[in-house]
Amino acid sequence: MFNNLKNKEQEELLPEHIGIIMDGNGRWAKQKGKPRIFGHKAGMDSLKDVAVHGARRGIKVMTVYAFSTENWTRPVDEVKFIMSLPIDFYSKYVPVLKEENIQIRMIGEREGLPKATLDSIDRAAQETSENDGMILNFAMNYGGRRDIILAIQELAKSGQDLSILTEEELSKHLQTAVLPENLRDPDLIIRTSGEQRMSNFLTWQSAYSELYFAQTAWPDFDDKELDKAISAFQKRDRRYGGVK
């Protein structure tokens, strides 16, 4: 009975919103003597597995950093390949996600993204719109600072008096407003491949996120690695600047 109570208590401490910086695809491929695009393709397979496991664990939102505003500086061929991944992901994995009751959404600037890429994401969002399980939220052409600037510009254009702007009002105009209000800020952010920085990911929303840095490269990050990150989160003492 004690073990059952302990397990129930741990499940109640699940992070509701997990953000993931999927890092290390290129380095993983290089270590195997393969081109960088080989790593990105393997990373797509990992994303499906991690998303399904997260949904089964009871995670409510998983926001994945698929392409940042800074990633445009990468080699042209690599960028083209990354932009083709949502198309492959749609045809290969959306049926699986539908069965798992997962919803697809996207944040980021649509302008500049190829039409075929956007069409694939939009179709995936439409086809999973009736699901009510975990939201798999793709951050495409997304930058955290840019997110804040765009929100302030939108408020200014609407005639909002910025001298009395509140955190709550700004939050409503950030791109994460596509998520339920109580799930817009990630409880846990995972970065793979050993790097320990945020790289302009959910800059506003991550103010009180717990951070977890995995040594594992993203293509090797699986359900067991996700469980390790969640377990580490469950051991954290979240005080939000206060004292318990």
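The values are calculated or read from the model by the stated rules, or taken from the named source; none is laboratory data. Source: prediction; values computed, not measured. Backbone-built Cβ (ideal geometry, glycine too); neighbour counts: all protein chains shown. Only protein heavy atoms, including side chains, enter the accessible area calculation; ligands, DNA and RNA are left aside. Shrake-Rupley method; radii C 1.70, N 1.55, O 1.52, S 1.80 Å.
Numbers for the structure displayed
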| read-out | value |
| --- | --- |
| Test result for Pro95, more than 24 Å from Ala177 (Cα to Cα) and open to solvent by 40 Å² or more (accessible area, probe 1.4 Å) | yes |
| Complete set of residues in the stretch 158-174 that are in a helix (DSSP H, G or I) and open to solvent by 40 Å² or more (accessible area, probe 1.4 Å) | Leu162, Ser163, Ile164, Glu167, Glu168, Glu169, Lys172, His173 |
| Single match in Asp23, Asp49 (criterion: acidic (Asp, Glu) and either under 23 Å from Glu70 (Cα atoms) or assigned to a loop (DSSP other than H, G, I, E, B) (or both)) | Asp23 |
| Residue satisfying condition, being at pLDDT 95 or above and either surrounded by fewer than 23 Cβ atoms within 10 Å (Cβ to Cβ) or over 15 Å from Ala229 (Cβ atoms) (or both), within set Gly19, Gly54, Gly33 | Gly33 |
| Leading residue by the ranking (surrounded by the fewest Cβ atoms within 10 Å (Cβ to Cβ)) among those in the stretch 102-157 that are within 24 Å of Gln205 (Cα to Cα) and among the basic types (Lys, Arg) | Lys157 |
| Given (1) open to solvent by less than 20 Å² (accessible area, probe 1.4 Å); (2) over 14 Å from Ile18 (Cβ atoms), number of the condition Phe221 does not satisfy | (2) |
| Filtered residues of the stretch 68-119 (kept if touching a residue at least 60 places away in the same chain (Cβ under 8 Å), touching a helix residue (DSSP H, G or I) at 6+ places or on another chain (Cβ under 6 Å) and not aliphatic (A, V, I, L, M)) | Thr69, Arg105 |
| Within the stretch 176-213, considering residues that are of a type in the set (A, V, I, L, M) and assigned to a strand (DSSP E or B), the one farthest from Ala139 (Cα to Cα) | Leu211 |
| Hey, Asn137 of a type outside the set (Gly, Ala, Ser) and not in a helix (DSSP H, G or I) or not | yes |
| Arg145 in a helix (DSSP H, G or I), of a type in the set (Lys, Arg) and modelled with pLDDT of 95 or more | yes |
